[in-house]
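One structure below.
Bear in mind that the values in this text are calculations on the coordinates, not laboratory data. For clarity, every value in this text was computed on a predicted model and none was experimentally measured. Every residue, glycine among them, receives a Cβ derived from its backbone with ideal geometry; neighbour counts consider all protein chains shown.
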Amino acid sequence: MTTTEPVNLWTSNEHARDYLERADSISHRGEGEAALLEFIPATARRFLDLGTGDGRLLSLVRRELVRRGQPDTEAVAVDFSPTMLEAVRKRFAGEPSVHVVTHNMDEPLPALGKFDAVISSFAIHHLVHERKRRLYAEIYGLLNPGGVFCNLEHVASPTPRLHREFLKRIGFTVETEDPSNKLLDIETQLGWLREIGFVDVDCAWKWRELALLVGRPT
Ligand SMILES: C[S@@+](CC[C@H](N)C(=O)[O-])C[C@H]1O[C@@H](n2cnc3c(N)ncnc32)[C@H](O)[C@@H]1O
């Protein structure tokens with residue numbers, strides 16, 4: 001019997017570059033990012049960004065904290081794509097408070113210490129469902145009391161028609177969509193977060209298949 005490996009094209013330089021070229025034009029993402037920033041605790045100092053890409057979300061969070069008068073932060077940015085790692089290192093070159101860690105999130109996270117916020121945007125849906133749930137449990141264990149987990153995510157539509165409509169709005173079809181996507185409905189993911197022990201679990205923002213999942217450890 002042969003088993004097929006789940007598809008994940010993100011280590012391809014072409015795939016990563018293609019995303020970076022259109023990242024700014026993804027419909028409504030700015031709204032989701034703004035909603036996420038609201039959940040970052042005022043006292044947060046240490047952050048983890050999972051599937052950081054070129055560090056876009058981390059950069060927004062750092063800028064927001066500076067705006068709030070909290071410039072003294074430290075961050076860990078995790079990814080496994082050579083193109084993304086090069087881009088995030090370039091973005092934060094000369095910033096000793098940002099540590100870039102090469103890691104395939106299919107595997108358990110390495111020891112990274114504790115965090116006040118674990119953030120992620122459009123990355124965890126590239127992991128198989130079983131691994132998504134285990135990663136959520138690992139994240140719970142990494143959060144300091146008073147911390148938060150914010151996952152701005154690509155989730156499954158309730159019906160194939162709604163999925164096709166979403167794809168059309170972002171310029172794709174079922175034939176051209178990223179085969180690395182392993183979309184999962186929002187209810188299942190919110191349920192997992194509650195089972196793991198997160199509180200104040202909610203879908204805090206949503207536009208079609210883009211959603212912000214939030215939970216706190218305490
Ligand atoms: C759609 S991009 C999002 C990047 C960034 N967070 C953003 O919002 O622009 C998905 C990111 O997840 C990363 N990724 C996908 N699968 C991964 C895995 N198994 N381990 C680590 N990173 C992964 C990709 O390399 C890529 O940087």
Between I40, I119, I170, find the one with the highest GNM mean-square fluctuation for the chain; connect C-alpha pairs within less than 10 Å. I170
Please give the residues of the stretch 62-106, grouped as numeric ranges, whose backbone N is less than 17 Å from a label point set 7 Å along the Cα-to-Cβ vector of E138. 76-81, 100-106
Just for the chain, what percent of DSSP beta bridges are antiparallel, to the closest 5? 40
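If you add up the charges near G215, with Lys and Arg at +1 and Asp and Glu at -1, over every other residue whose beta carbon is less than 15 angstrom from its beta carbon, what do you get? Walk me through the numbers before you get to the answer.
Details: positive: K132, R133, R194, R216; negative: E38, D116, E138, E153, E187, E195, D200, D202.
Counting the neighbours of G215, the net charge comes to -4.
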Where does the Debye-calculated log10 I(q)/I(0) of the stretch 1-146 sit at q = 0.09, 0.17, 0.20, 0.22 Å⁻¹, using only Cα point scatterers of equal weight, no solvent? -0.28, -1.02, -1.42, -1.65
Considering Cα pairs under 8 angstrom that are at least six residues apart, work out the relative contact order of the stretch 1-109 and quote it in whole percent. 27
I want to check the label-to-label distance for N13 and R68. Put each point 7 Å from Cα in the C-beta direction and report it in nm to one decimal. 3.9
Under a Gaussian network model of the chain whose springs join Cα atoms within less than 10 Å, the largest fluctuation of K132, K168, K182 belongs to K168
Any idea what the dipole of the chain comes to, in debye rounded to 20, about its Cα centre with Lys/Arg Cβ at +1 and Asp/Glu Cβ at -1? 380
Compute for the stretch 106-184: radius of gyration divided by Kirkwood radius, i.e. Rg/Rh, restricted to C-alpha atoms, rounded to two decimals. 1.06
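Once the other residues with Cβ under 10 Å from the Cβ of R45 are scored (Lys, Arg +1; Asp, Glu -1), what is the net sum? List each step's numbers first, then the result.
Values: positive: R46; negative: D72, E74, D116.
Value of the local net charge: -2.
Quick check on the exposure proxy: order C203, C150 from fewest to most C-beta atoms within 10 angstrom. Numbers along the way, then the final one.
Working: C203 15, C150 26.
Neighbour counts put them in this order, fewest first: C203, C150.
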Mean projected area, convex hull of alpha-carbon positions in the stretch 82-123, reported to one decimal in nm², is 3.8
Can you pull the one-decimal nm distance between simple spin-label points at N104 and E86, each 7 Å off the Cα toward Cβ? 2.1
Gaussian network model of the chain, springs between alpha carbon atoms under 10 Å - residue of T159, T52, T83 with greatest fluctuation: T159
Sum -39500 (n - 2.57) across every DSSP H segment of at least 4 residues in the chain, then divide by the residue count to get the 222 nm mean residue ellipticity, nearest 500. -10500 deg cm²/dmol
The residues D49, D72, sorted from fewest to most surrounding Cβ atoms within 10 Å, come out as D72, D49
